[in-house]
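S.K.: If you scroll down you'll find the structure; I have some questions about it.
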Amino acid sequence: MAEQYNKIYYTDDKITIRDMRQEDAAIITQEEIAQGWDATIDKYMARLRDRQEKNAVVLVAEYQGNVAGYINVYPESEWGAYADKGYPEIVDFGVLEKYRRHGIGSKMMDVAEQIAGEYCDKVCLGVGLHSGYGSAQRMYVKRGYIPDGSGVWYCDKVCEPYAACCNDDDLVLYFLKELR
């Protein structure tokens with residue numbers, strides 16, 4: 001019998017952070033396409049498989065009962081600057097555009113950091129460098145995330161000085177935060 005994922009991590013009169021369900025993946029994908037993103041359901045289904053294999057905590061945020069965002073915590077980073085160093089990683093975090101500026105992203109980060117803190121006293125993440133990541137970049141710095149010092153990564157490898165790369169979602173800077 002499949003394990004049930006019905007945990008609520010946070011709730012108030014407007015925001016609920018809970019385990020993602022398969023039907024949430026379809027809603028998020030449809031909403032991302034509607035806002036002009038090149039989205040497919042595949043990445044959300046992969047996150048749900050990772051959860052099933054006990055490799056990730058896969059969350060969704062609701063705002064006034066509507067699916068509004070998503071965030072994932074991997075107990076041990078598998079990518080980039082912190083791969084195999086024992087740090088949990090926050091991966092694939094987003095708030096749908098029509099729900100931004102309601103505190104949803106901050107609350108999701110609070111919950112993700114709390115979950116990460118169950119594994120380690122540090123948490124890491126990678127953030128894209130193009131303007132689509134601008135609000136996330138600012139949020140991470142305000143929350144105390146510090147660049148790791150390894151420079152920019154491209155396609156999961158350090159981008160050597162003066163090397164050609166593309167400013168797409170694979171161009172990333174890694175950050176670390178002390179949780180306590």
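The values are calculated or read from the model by the stated rules, or taken from the named source; none is laboratory data. Remember, it's a predicted structure, so these values are computed and weren't measured experimentally. Quick reminder, even Gly has a Cβ in these numbers, built from the backbone with ideal geometry, and neighbours come from all protein chains shown.
S.K.: So in region 117-152, with the set limited to residues that are modelled with pLDDT of 95 or more and among the aromatic types (F, W, Y), which one is farthest from E76 (Cα to Cα)?
M.R.: Y140
Residue-by-condition table, conditions (1) among the small types (G, A, S); (2) in contact (Cβ under 8 Å) with a residue 12 or more places away in the chain; (3) more than 20 Å from V172 (Cα to Cα):
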site: Y99; (1), (2), (3): no, yes, yes
site: S106; (1), (2), (3): yes, yes, yes
site: G117; (1), (2), (3): yes, yes, yes
site: V123; (1), (2), (3): no, yes, no
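S.K.: Hey, another quick one. Let me confirm something: among Y82, Y119, Y87, which residue is over 22 Å from E32 (Cα atoms) and touching a Phe, Trp or Tyr at 6+ places or on another chain (Cβ under 7 Å)?
M.R.: Of the residues listed, the single one that is over 22 Å from E32 (Cα atoms) and touching a Phe, Trp or Tyr at 6+ places or on another chain (Cβ under 7 Å) is Y82.
S.K.: Six or more apart or on different chains, Cβ under 7 Å: which pairs go from a residue in region 133-145 that's closer than 18 Å to L179 by Cα and without any contact (Cβ under 8 Å) to a residue 40 or more places away in the chain to one that's of a type in the set (D, E, K, R) and not in a helix (DSSP H, G or I)? Could you list them?
M.R.: R143/K177; G144/K177; Y145/K177
S.K.: Please tell me if I71 is part of a strand (DSSP E or B), without any contact (Cβ under 8 Å) to a residue 40 or more places away in the chain and closer than 18 Å to V127 by Cβ.
M.R.: No.
S.K.: Of the residues in region 122-180, how many are within 18 Å of P88 (Cα to Cα) and charged (D, E, K, R)?
M.R.: Qualifying residue count for the region: 7.
S.K.: While we're on this one: Please work out if G65 is modelled with pLDDT under 95 and either surrounded by fewer than 21 Cβ atoms within 10 Å (Cβ to Cβ) or closer than 22 Å to E23 by Cα (or both).
M.R.: Here the answer is no, as G65 does not meet what is asked.
S.K.: While we're looking at this one, here's another question. For region 145-164, what are the residues that are on the phi < 0 side of the Ramachandran plot and either surrounded by 15 or more Cβ atoms within 10 Å (Cβ to Cβ) or assigned to a strand (DSSP E or B) (or both)?
M.R.: Here is the first cut: in region 145-164, the ones on the phi < 0 side of the Ramachandran plot are 145-148, 150, 152-154, 157-161, 163-164.
Y145, I146, P147, D148, S150, V152, W153, Y154, K157, V158, C159, listed by residue number.
S.K.: Follow-up. So, in region 1-33, of the ones that are among the small types (G, A, S) and at pLDDT 95 or above, which residue ends up surrounded by the fewest Cβ atoms within 10 Å (Cβ to Cβ)?
M.R.: Out of the qualifying residues, it is A26.
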